[in-house]
1. Could you grab the relative contact order for the chain? Cα pairs under 8 Å, six or more apart, rounded to a whole percent.
2. On a 0 to 90 degree scale, rounded to 10, what angle separates helix 41-53 from the longest Cα axis of the chain?
3. Residue 55 versus residue 3, label points 7 Å from Cα toward the beta carbon: distance in nm?
4. Angle check, please: helix 7-18 long axis (alpha carbons) against the longest principal axis of the chain (alpha carbons), in degrees 0 to 90, nearest 10.
5. If amide H atoms are built 1.01 Å from N in the plane of the peptide, which residues on other chains or at least 5 residues away come under 5 Å of the amide H of residue 71?
6. So how tilted is helix 75-89 from the main axis of the chain? Cα-based, degrees 0 to 90, rounded to 10.
7. Give me 1, 88 sorted ascending by neighbouring Cβ count inside 10 Å, so fewest comes first.
8. Under a plain spin-label model, where a point goes 7 Å from the Cα along Cα-to-Cβ, how far apart in nm are residue 89 and residue 63?
Amino acid sequence: MLNGVSDDKLEQLEAAILDGRSLPPSKLRARARRLIARHDPDSIVHRNKLAIADRDVWIRPAENGMAYLDRHLPAADTHTLAMRLREMSV
């Protein structure tokens, strides 16, 4: 989660995030995301670019001439693709 955070802000962010270490994991992750967005918004853009570069689509065979389509895509693209696939499957 701290991947891409600038070095000058990393120590401060780590300390602020660890202040919430008694929180349940999901709340701690949410806290970390909010703190990172507030203190180093450029890291969000950087992480998004890395994630986009890592996008991919997988096809796995299934029985009876069917297949599974798995994907790791930007959210907006995934929603558009899902709507289009639903239209095609009717």
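Each reported figure results from applying straightforward, stated rules to the coordinates on display, with no laboratory input. Predicted, not measured: the structure shown is a model, and the values here were computed from it. Cβ atoms come from the backbone with ideal geometry, glycine included; neighbour counts cover every protein chain shown.
1. Over the chain, the number comes to 22 percent.
2. So the helix axis and the longest Cα principal axis differ by about 30 degrees.
3. Between residue 55 and residue 3, the label points sit 1.7 nm apart.
4. Once rounded, one gets 90 degrees.
5. Residues meeting the amide H criterion: 58.
6. It works out to around 10 degrees.
7. The fewest-first ordering by Cβ neighbours comes to 88, 1.
8. 1.9 nm
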